[in-house]
Amino acid sequence: MSSKYIVLVTIMLAAILLVLALQFKSAQQRHHWQQDVVEVHSTEVVYQERKVDAPIQPLPIVKQYDVAWAQLGKALFKSPLLSSDNTVSCASCHDLYNGGDDGFSVSVGIKQQLGERNSPTVINSVLNFRQFWDGRSPNLESQTPEPIHNPMEMGTNWQAVIEKLNAQPGFVKSFSAVSNDGITVENIIKAIVAFEASLISQNTPIDDFLLGKADALTSQQQRGYEKFVSYGCVTCHQGRNIGGNLYQKVGRLDQVPEQLLDDVGRFEVTQNPQDKFVFKVPSLRNVALTAPYFHNGSVDNLSDAIRIMARGQLGLDLSDEDVADIEALLQSFSGDLPRSLAE
């Protein structure tokens, strides 16, 4: 082997290692604000599962939850005290009256800073197998601190949050009522998760239809359901949350709009080249209420999102009738929250 060849190979290997090191450093810098990881076991919520012989499953029913913990979590969820300048709350990005998101392409944090990805709905989020578009958090307990610490979102830390909560007699009393430990990081997370875990939709037409109520869907929606299944939409959008239970590439890269390729997705977490443009498949629950769509909120209309996914994922160019029927079906995926939780 010639000395020139050895030198060339050595230079190439050094270049590859340098690129990998820079990518790893970049990923570390992007998430440098992830801190104060706390293990928390959420307050028990008892669900009644409902099973049917179909790719889409009805949502479970919340049979029991700790009302005191959930109500405290609700108060924290709506409190701007969890942000550094008292301007942003969890509810700022997750409007329970309007589908559980904020209606913006990307969310707005403290100092009017724009986030990097579209805010997903918090409703039924406990049923997702992972949290965030890139799936970096395995559950709600590990997800909860991230927006609080994120400098683009709430931009604060636990010490500052606890000091502000301790200055509020109402919060001091509420925490003391549920725990002898009072206001702690663990109890803040536990309360917020107890509230979010109870946010399960009810009175959803698609669930009533799956459970045997034939007239729960219109004839057009029933046609849409047949197409949703036969065309293969249920390959990714199935189960209790009609999605939210697997990862998938955004689509065939030569078949999706360029604006959907602005984000490499899960690759930022794993640094695995196979994860480029891979995201957690979003739940379609309440999808008609959560425009705009996709990870960057770049698509305003549900009909456009249907066409993009049909072409990019299934290789299908749907007719106007197909799109209208499937869009009608997606309207039936919307449900209500109990008034005591939403208000």
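The values are calculated or read from the model by the stated rules, or taken from the named source; none is laboratory data. All values derive from a computational prediction rather than experimental measurement. When we count neighbours, we look across all protein chains shown, and the Cβ atoms used for this are built from the backbone with ideal geometry, even at glycine. Keep in mind that these areas ignore ligands, DNA and RNA; they rest on the heavy atoms of the full protein, side chains included. Shrake-Rupley method; radii C 1.70, N 1.55, O 1.52, S 1.80 Å.
Annotations for the structure displayed:
- Helical contribution to [θ] at 222 nm, DSSP H n ≥ 4, -39,500 (n - 2.57), averaged over the chain, rounded to 500: -11500 deg cm²/dmol
- Once the 1.4 Å probe is applied to the protein heavy atoms, region 205-339 comes out at 45 Å² accessible per residue.
- Trypsin sites (Lys or Arg not before Pro) within region 187-277: DSSP coil, no more than 11 neighbouring Cβ in 10 Å: K213
- Within a straight-line Cα-Cα reach of under 14 Å, K63 can be paired with the following aspartates and glutamates, leaving aside sequence neighbours fewer than 8 residues apart in one chain: E44, E49.
- DSSP-assigned coil residues among chymotrypsin sites (Phe, Trp or Tyr not before Pro) in region 60-143, each with at most 13 further Cβ atoms within 10 Å: Y97
- Stretch gain in nm, segment T218-E343, where the contour uses 0.36 nm per residue and the Cα spacing is subtracted: 42.0 nm
- Stokes-Einstein diffusion coefficient of region 205-293, Kirkwood radius over Cα pairs, 4 °C, 1.567 mPa s, in µm²/s: 86
- Among the listed values (i) 39.3, 145; (ii) 24.4, 110; (iii) 22.3, 79, the one computed from these coordinates for Rg and Dmax of the Cα atoms in Å is (iii).
- Portion, in percent, of the accessible area of region 266-325 that falls on carbon or sulfur, probe 1.4 Å: 47
- Take every pair of alpha-carbon atoms less than 8 Å apart whose residues are at least six positions apart; their mean separation over the length of the chain yields a relative contact order of 21 percent.
- Percent accessible area from carbon and sulfur atoms, region 46-201, protein chains only, probe 1.4 Å: 51
- Projected label points at D53 and K111, each 7 Å from Cα along the beta carbon direction, are separated by 6.0 nanometres.
- Using a probe of 1.4 angstrom and keeping all protein chains present, the accessible surface of region 46-201 works out to 41 square angstrom per residue.
- Unsatisfied cross-links (Cα-Cα over 31 Å) in the set K74/K111; K51/K280; K74/K276: K74/K276
- Candidate aspartates and glutamates for bridging to K164, where Cα separation is under 12 Å - those fewer than 8 sequence places away on the same chain excluded: D85
- Exposure check, 1.4 Å probe, all protein chains in place: L127 carries approximately 20 Å² of accessible surface.
- Near V256: Cβ cut-off under 15 Å, other residues only, Lys/Arg at +1 and Asp/Glu at -1. The net charge is -1.
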